[in-house]
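Data block below; observations after.
The values are calculated or read from the model by the stated rules, or taken from the named source; none is laboratory data. Predicted model, so just to flag it, every value in this text is computed and none were measured. Every residue, glycine as well, gets a Cβ built from its backbone with ideal geometry; the counts of neighbours run over all protein chains shown.
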Amino acid sequence: MNRQKLRKTLVIISFLLFPVTIYYFSPYLVIQGASEGIITGSFIVFCLLFLVSLFLGRGFCGWVCPAGGLQECMTLGVDKKTKGGKLNWIKYGIWIPWMIIILVFFFSAGGIKEIDFLYQTTYGISVVNPLAYIVYYGVVFLIVTVSLVGGKRGFCHYVCWMAPFMVIGTKIKDALKIPSLHLSANSENCISCKQCSKKCSMSLDVDQMVEKGNMKNSECILCGECVANCPKSVIKFSIK
């Protein structure tokens, strides 16, 4: 199995497990837990995403994320490139107020009183009753709708509340020059075929990044599509 088949298999399996794991990615349960002074499973997962991003960037988005798995399944029907640019800041307009609300609720509850990783789940499983299914399909509908309207991986670009944790982590590891997984390119061998940009899951202008000799982009999810589709092997994964 080549690298891209493995990646797509992993994200699709992650999406199939979404009914089990959805509460561990829930932005609402973090707030509800904060109002009771409880650190929930999703709170812990978001912290782990930040820590992992210090070494793997946004690799979670490209290789493990269940929302990414759903959008991967939609690629046959959604081929429109996302506009990105300033519109990428929409997710920060969601994330910043959300973080403020969490802090306010913890303060109102008198601080942290308890840690409950399985908060609101039944034996660790998220979706076990009709109400939970309504929540689940509501989230799925949101992901599908944003991607249909916004383009490929539109949810990742514009709405995802998890992405800022990893973007911040990536910025920090770049500033501190922490050895981590990233893309590198040898622009001298580039033939400007633009296959890298055409195949990019996040609709990035990868060919321009190669030309400039700078592969850093906060929206890059390290999926490796550009690596796999470059006919001259100009782009590679690197850890140095």
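A few comments on the model shown:
- Per-region count, the range 153-187, residues surrounded by fewer than 21 Cβ atoms within 10 Å (Cβ to Cβ) and closer than 16 Å to Val227 by Cα: 5
Each row is one residue, and each column tells you yes or no for (1) aliphatic (A, V, I, L, M); (2) without any contact (Cβ under 8 Å) to a residue 24 or more places away in the chain.
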residue: Asp116; (1), (2): no, no
residue: Tyr123; (1), (2): no, yes
residue: Pro130; (1), (2): no, yes
residue: Val139; (1), (2): yes, no
residue: Val149; (1), (2): yes, yes
residue: Lys173; (1), (2): no, no
residue: Pro179; (1), (2): no, no
residue: Leu183; (1), (2): yes, no
residue: Ser187; (1), (2): no, no
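- Filter pass, Phe155 being part of a helix (DSSP H, G or I), touching a residue at least 60 places away in the same chain (Cβ under 8 Å) and either within 22 Å of Ile22 (Cβ to Cβ) or not assigned by TED's automatic domain parsing to the domain that holds Ile221 (or both): yes
- Within the range 102-134, the set of residues being more than 20 Å from Lys91 (Cα to Cα), surrounded by 16 or more Cβ atoms within 10 Å (Cβ to Cβ) and of a type in the set (A, V, I, L, M, F, W, C) comprises Phe105, Phe106, Val127, Ala132.
- Any chance Val149 is assigned to a helix (DSSP H, G or I), modelled with pLDDT under 95 and among the β-branched types (Val, Ile, Thr): yes
Per-residue answers, yes or no, for (1) surrounded by 21 or more Cβ atoms within 10 Å (Cβ to Cβ); (2) farther than 22 Å from Val167 by Cβ:
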site: Tyr23; (1), (2): yes, yes
site: Ser53; (1), (2): yes, no
site: Arg58; (1), (2): yes, no
site: Thr75; (1), (2): no, yes
site: Val78; (1), (2): no, yes
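- Hey, Gly33 among the small types (Gly, Ala, Ser), under 12 Å from the mean Cα position of the chain (by Cα), part of a helix (DSSP H, G or I) and on the phi < 0 side of the Ramachandran plot or not: no
- Of all residues in the range 218-240, those satisfying the criterion of being surrounded by 13 or more Cβ atoms within 10 Å (Cβ to Cβ) and part of a loop (DSSP other than H, G, I, E, B) are Ser218, Glu219, Cys220, Ile221, Leu222, Cys223, Gly224, Cys230, Val234.
- The listed residue being on the phi > 0 side of the Ramachandran plot and in contact with a helix residue (DSSP H, G or I) (Cβ under 8 Å, 6 or more places away or on another chain), out of Gly62, Gly84: Gly84
- For the range 79-89, the count of residues that are of a type in the set (Phe, Trp, Tyr), in a loop (DSSP other than H, G, I, E, B) and within 23 Å of Val45 (Cα to Cα) is zero.
- Taken together, Leu131, Leu118, Leu87 contain a single residue that is at pLDDT 95 or above and in the same structural domain as Phe155 (by TED's automatic domain parsing), which is Leu118.
- Flag for Cys47 being within 30 Å of Ile100 (Cβ to Cβ) and surrounded by fewer than 22 Cβ atoms within 10 Å (Cβ to Cβ): yes
- Which numbered condition Gly77 misses (of (1) over 23 Å from Val140 (Cβ atoms); (2) at pLDDT below 95): (1)
- Considered as a group, the residues in the range 187-217 that are assigned to a loop (DSSP other than H, G, I, E, B) and touching a strand residue (DSSP E or B) at 6+ places or on another chain (Cβ under 8 Å) include one that is nearest to Phe237 (Cα to Cα), and that residue is Met215.
- Gly93 part of a helix (DSSP H, G or I), free of Cβ contacts under 8 Å to residues at least 40 places away in the same chain and of a type outside the set (Val, Ile, Thr): yes
- Looking across the range 3-43, the residues that are free of Cβ contacts under 8 Å to residues at least 12 places away in the same chain and not β-branched (Val, Ile, Thr) come down to Lys5, Leu6, Tyr28.
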